[in-house]
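Heads up, the thing below is written out as structure tokens.
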């Protein structure tokens, strides 16, 4: 029983530490998705909002990239896996999330 608990704790530590969370992502593959879906709420360096950005207090991608204490890759992944308003209109695939995480990592 003790071994099982230790294995589960180790797995949780690895999942939460952010190690290899972005390894599978391709930052370049995220550019179209980011331009189409993210810029209406989030400021993204190098991108112009498609229309007037909604005033939702959504953090910019540069802020997310720089504030690793708050926006760990594991937390960002968990957040993106669930639809949230106004993002509820679409659901990101695991590959899309990997690519967005790689894009954010590149901003660091």
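What follows is calculated from the coordinates using simple rules that are stated; it is not laboratory data. Worth saying up front: this structure is predicted, and the values here are computed from it rather than measured. So basically every Cβ, Gly included, is an ideal-geometry build from the backbone, and we count neighbours across all protein chains shown.
Give me the compactness ratio for region 26-107, meaning the Cα radius of gyration over 2.2 N^0.38 Å. All intermediate terms of the calculation are to be shown ahead of the outcome.
Working: Rg = 11.7 Å, N = 82, 2.2 N^0.38 = 11.7 Å.
The value comes to 0.99.
Find how much the distance from residue 84 to residue 49 grows on full extension, using 0.36 nm per residue of separation minus their present alpha carbon separation; answer in nm with one decimal.
Value of the extension gain: 10.6 nm.
Applying 1/(1 + (r/R0)^6) with R0 = 22 Å to the Cβ-Cβ distance of residue 40 and residue 69, what FRET efficiency is obtained, to the nearest 0.05?
0.25
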